[in-house]
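The values are calculated or read from the model by the stated rules, or taken from the named source; none is laboratory data. The structure displayed is predicted, hence computed values, not measured ones. Positions of Cβ are generated from backbone atoms using ideal geometry, with glycine treated the same way; all protein chains shown enter the neighbour counts. These area figures cover heavy atoms from the full protein model, side chains too; ligands, DNA and RNA do not enter into them. Shrake-Rupley method; radii C 1.70, N 1.55, O 1.52, S 1.80 Å.
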Amino acid sequence: MRIKEKSGMKGGLLCAAAAVSLPLILLAPGRATKRQKAPFMGMNFAHRGLHNRDKSVPENSLEAFELAAQAGYGMELDVQLSKDGQVVVFHDDTLERVCGVNARVDELSYEELKKLRLCGTEHTIPLFSEVLNTIRGRGPLIVELKNGKRNRELCEKTYKLLSDYRGEVCIESFNPMIVAWFRRHAKDLVRGQLAMPAGYYGGIKKPLAFLMSLGFTNVLCRPQFIAYRIGKKPLTVRLAEKMGAMKVAWTSHEPKNEKGNDAVIFEFYKPRVNFK
């Protein structure tokens, strides 16, 4: 074999190796110890607390979290900032669906927000600190940080509140830059990337939605779990799970979704607390 042919073969092998290894580098999750994973493995998490389909106990209310804690479930909740920088527990960007008000959460001060009612009940929008005081370590928490205009402030304030909390907690977000902030500044907290098929993403460009749906933003934040919308997962996400990412499923409406997952976020039924 001629030297030129050998050189060409070597170059081809290097290119092939790079083609295989680059996707794996992009998809690789972060490492978590068994101790870090233990509080979340095999747990069912009440989605926005143990709320009712008829809204008599509304989502993300103090009563919903009290009921979930009494039942022994883990809990998932959403945090974002009010206009005056208070960390509040509320899911939607706007107040219309839950409070019947045509405004964004971040357009109102907390004094204004707490005058509103959740789903026509007597319940009000709680501060994150109030929710933590209600739960008091009775069950692990998954805290979703909502994407907004002041993400760094939200990260800093959420982490400060969690630093003083005595209980098991992890964080997640759809925004990989939020998850990346916790990778840099809060290595003690387990972090997760929320994801779903590209067609479900709204408000972002299609190429970015495509990359996020496949898990290629893992290179930015190295999530230790991937919380994926229930349904068929792309091969790339399954590869990340094979490399060690915990498998979290959302949002479940039947117990069969426990199969093949490490944790399940559920609503509108009462599963067993632990399934592993």
Inspect all residues belonging to the stretch 18-29 and state whether any of them is of a type in the set (A, V, I, L, M), open to solvent by 10 Å² or more (accessible area, probe 1.4 Å), modelled with pLDDT of 95 or more and not in a helix (DSSP H, G or I).
yes
Of the residues that make up the stretch 113-132, is at least one over 15 Å from GLY49 (Cα atoms) and in a strand (DSSP E or B)?
no
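Every residue in the stretch 184-207 that is basic (Lys, Arg) and open to solvent by less than 80 Å² (accessible area, probe 1.4 Å), please.
So in the stretch 184-207, the residues basic (Lys, Arg) come out as 184, 187, 191, 205-206.
Within the stretch 184-207, just ARG191 meets the criteria.
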Residue hits (the stretch 224-245; in contact (Cβ under 8 Å) with a residue 40 or more places away in the chain, open to solvent by less than 10 Å² (accessible area, probe 1.4 Å) and either under 20 Å from PRO197 (Cβ atoms) or of a type outside the set (S, T, N, Q) (or both)) are PHE225, ILE226, ALA227, VAL237, ALA240, ALA245
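In the stretch 91-106, which residues are open to solvent by 30 Å² or more (accessible area, probe 1.4 Å) and more than 24 Å from the chain's Cα centre (by Cα)?
First, the residues of the stretch 91-106 that are open to solvent by 30 Å² or more (accessible area, probe 1.4 Å): 91, 93-94, 96-97, 100-102, 104, 106.
Hits for the stretch 91-106 are GLY100, VAL101, ASN102.
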Go through the stretch 208-223 and report how many residues are open to solvent by less than 20 Å² (accessible area, probe 1.4 Å), of a type outside the set (Gly, Ala, Ser) and in a loop (DSSP other than H, G, I, E, B).
2
Among (1) crowded, with 17+ Cβ neighbours inside 10 Å; (2) out of contact with any Asp or Glu (no Cβ under 8 Å at 6 or more places or on another chain) - the single one SER173 does not satisfy:
(2)
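Is the stretch 135-144 home to any residue that is open to solvent by less than 30 Å² (accessible area, probe 1.4 Å), touching a Lys or Arg at 6+ places or on another chain (Cβ under 9 Å) and assigned to a helix (DSSP H, G or I)? Don't jump to the end; show me each part of the working.
Initial filter on the stretch 135-144 (open to solvent by less than 30 Å² (accessible area, probe 1.4 Å)): 135, 139-144.
When the remaining residues are screened for being touching a Lys or Arg at 6+ places or on another chain (Cβ under 9 Å), the result is none.
Among the residues of the stretch 135-144, not one is open to solvent by less than 30 Å² (accessible area, probe 1.4 Å), touching a Lys or Arg at 6+ places or on another chain (Cβ under 9 Å) and assigned to a helix (DSSP H, G or I), which makes the answer no.
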The stretch 49-73, residues that are closer than 21 Å to ASP92 by Cβ, in contact (Cβ under 8 Å) with a residue 40 or more places away in the chain, open to solvent by 30 Å² or more (accessible area, probe 1.4 Å) and charged (D, E, K, R):
ARG53, LYS55, GLU63
Identify all residues within the stretch 74-89 that are open to solvent by 10 Å² or more (accessible area, probe 1.4 Å) and of a type outside the set (A, V, I, L, M); write none if there are none.
GLN80, LYS83, ASP84, GLN86
Among (1) part of a helix (DSSP H, G or I); (2) among the acidic types (Asp, Glu); (3) under 22 Å from VAL264 (Cβ atoms), where does GLU172 come up short?
(1)
Which residues, counting only those in the stretch 113-123, are out of contact with any strand residue (DSSP E or B) (no Cβ under 9 Å at 6 or more places or on another chain), surrounded by 15 or more Cβ atoms within 10 Å (Cβ to Cβ) and without any contact (Cβ under 8 Å) to a residue 60 or more places away in the chain?
LEU116, ARG117
